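Participant: Supplied in structure tokens, the structure appears directly below.
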Amino acid sequence: MYCCLALNRVASQLGIDLNQADLESKLDGILRERGTGVPKVDISYELRANHHMTNHVLDALETDGLIEIDRQEREYRVRITRKGVLHLRKYNMFYSSIFKRYILDHYKYSQPPSWFVPE
């Protein structure tokens with residue numbers, strides 16, 4: 001579930017609808033234009049997790065090629081890859097159904113993310 005939340009948080013900075021028509025043909029341009037990444041601390045806040053757990057999640061996503069991490073001197077910037085966007089496009093409905101209870105609990109004091117579709 002943490003990988004799902006983190007990957008969607010990184011994708012949200014693109015400001016696009018992942019289900020839009022012809023996304024694959026537009027994706028390289030979108031990633032170049034808007035793919036500046038998010039600070040690692042934003043992902044920690046999204047996960048409500050400590051440094052160790054955030055690193056564990058990011059390492060798993062990076063190993064799978066779903067994100068890239070730009071390790072700068074004092075800050076890490078996390079960017080979604082083409083593979084990561086296409087992964088979310090394919091699996092967000094699945095994540096919404098399988099993790100529904102956990103996602104609702106995770107966001108019980110705030111609004112659920114836009115990608116979450118409870119059915």
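Here, each number is a calculation from the coordinates, and none is a lab measurement. Keep in mind the model is a prediction, meaning the values are calculated, not measured. Positions of Cβ are generated from backbone atoms using ideal geometry, with glycine treated the same way; all protein chains shown enter the neighbour counts.
Participant: Using only C-alpha positions, report the orientation-averaged shadow area of the convex hull of segment 2-106, nm², one decimal.
Facilitator: With every direction weighted equally, the projected area is 6.7 nm².
Participant: Separate question: Counting only the backbone N, which residues of segment 8-47 are under 17 Å from the spot 7 Å out from the Cα of Phe94 toward its beta-carbon?
Facilitator: 8, 19
Participant: Just grab the label-to-label distance for Gln13 and Arg48, each label 7 Å out from Cα along the Cβ direction, in nm (one decimal).
Facilitator: The two pseudo-label positions are separated by 2.3 nm.
Participant: Enumerate by residue number the GluC sites (Glu not before Pro) in segment 14-103 meeting two conditions: DSSP loop (anything except H, G, I, E, B), and at most 13 other Cβ atoms within 10 Å of the site's Cβ.
Facilitator: Sites meeting the loop and neighbour criteria: Glu73, Glu75.
Participant: Given labels modelled 7 Å from the Cα in the Cβ direction, how far is it in nm from Asp105 to Gln20?
Facilitator: Between Asp105 and Gln20, the simple spin-label model gives 3.6 nm.
Participant: Loop only per DSSP, at most 15 neighbouring Cβ atoms within 10 Å: give me the chymotrypsin sites (Phe, Trp or Tyr not before Pro) in segment 39-119, ordered by residue number.
Facilitator: Those that pass, being in a loop and sparsely packed, are Tyr107, Tyr109.
Participant: Here is a follow-up. Could you work out [θ]222 nm for the chain from helices alone, using -39500 (n - 2.57) per DSSP H run of at least four and dividing by all its residues? Round to the nearest 500 deg cm²/dmol.
Facilitator: About -17500 deg cm²/dmol.
Participant: Please check the chain for the longest run free of trypsin sites (Lys or Arg not before Pro) that are loop-located per DSSP (anything but H, G, I, E, B) and have at most 14 other Cβ atoms within 10 Å.
Facilitator: Details: sites that count: Arg48, Arg74, Lys108.
Counting at most 14 other Cβ atoms within 10 Å as exposed, the longest clean stretch of the chain is 1-47.
Participant: Same structure again: Work out the length of the dipole vector of the chain about its Cα centre, built from +1 on the beta-carbon of each Lys and Arg and -1 on the beta-carbon of each Asp and Glu, and round it to the nearest 20 debye. Spell out each step's value before the answer.
Facilitator: Working: 17 positive and 16 negative charges, 36 e Å.
For this selection, approximately 180 debye.
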